[in-house]
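*Asks:* Please see the structure below; I have some questions.
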Amino acid sequence: MNIERINLPADRSRGMASLSKDGTPAVFSDAVRVELSECTLLYISGKTPVDENHRLVGTTMAEQTEQVLKNIKTVIEHEGGTMDDIVRVRVFVTKLDPKSLHDIHEVRARYFSPGKYPASTLVGTTGLVREGGMIEIEADAVLPKK
């Protein structure tokens, strides 16, 4: 078994103002890759609705969900996988109402193939690490050996 930590941004604080003030690093990886003999497990850290410059994207649940899923797609494709390789997601939201739930699933439907939907948990919370963020998603994937 081989374990590899995946870190895409060069910014050690990952755009978090509370860390960048004194150079404290954000102590997490974008993903952790575990190589097994029959497959690769990929654990993707919670992604928030920020762009590559760590700026918040979107003011609606649909816009923020789109950015979060783009961020997840970037990581999984970087590691040689596809969105269909994702087997589980955990979704954290600050707005849990019928419209938000509809918007989340409408966007998700564009990223996951019918019949290949991941197991999913959706949790309402009072806040997220990114001020103004309404959604964060973490994902687990099983990548076939090439």
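The values are calculated or read from the model by the stated rules, or taken from the named source; none is laboratory data. Model, not experiment: these values are computed from the prediction. Only protein heavy atoms, including side chains, enter the accessible area calculation; ligands, DNA and RNA are left aside. Shrake-Rupley method; radii C 1.70, N 1.55, O 1.52, S 1.80 Å.
*Asks:* Going by amide H atoms built from the backbone, whose H comes under 5 Å of the H on T40, apart from near neighbours?
*Replies:* Placed amide hydrogens put L143, K145 under 5 Å from T40.
*Asks:* I want to verify a result. In a Gaussian network model of the chain, Cα cutoff 10 Å, which of these has the top mean-square fluctuation: A31, A62, A109?
*Replies:* A109
*Asks:* Moving on to the next point. Once Rh for the chain is found with the Kirkwood sum over Cα pairs, what is the Stokes-Einstein diffusion coefficient at 4 °C and 1.567 mPa s, in µm²/s? Provide the component values of the computation, followed by the final result.
*Replies:* Details: Rh = 15.8 Å.
The estimated diffusion coefficient comes to 82 µm²/s.
*Asks:* Still on this structure, please answer the following. Let me have the 222 nm mean residue ellipticity of the chain computed from DSSP H runs of 4+ only, each contributing -39500 (n - 2.57), with the sum over all residues rounded to the nearest 500.
*Replies:* On the way: 3 runs with 36 residues, N = 146.
Rounded to the nearest 500, it is -7500 deg cm²/dmol.
*Asks:* Using a 1.4 Å probe on the protein chains only, how many percent of the accessible area of the chain belongs to carbon and sulfur? Write out the running numbers ahead of the final one.
*Replies:* Numbers: 4300 of 8070 Å².
The computed percentage sits at 53.
*Asks:* Please label the shape of region 47-87 as rounded, prolate or oblate, based on the square roots a ≥ b ≥ c of the eigenvalues of the alpha-carbon gyration tensor (a/c under 1.5 means rounded; beyond that, a/b larger than b/c means prolate, else oblate). Mind showing how you got there, number by number?
*Replies:* On the way: a/c = 3.82, a/b = 1.74, b/c = 2.19.
The shape class here is oblate.
*Asks:* Explain nothing, just compute: Karplus ³J(HN,Hα) = 6.51 cos²θ - 1.76 cosθ + 1.60, θ = phi - 60°, for every residue of region 72-84 in order, whole Hz, x for Gly and Pro.
*Replies:* Values per residue, Gly and Pro as x: 5, 4, 4, 5, 5, 5, 4, 9, x, x, 10, 4, 5 Hz.
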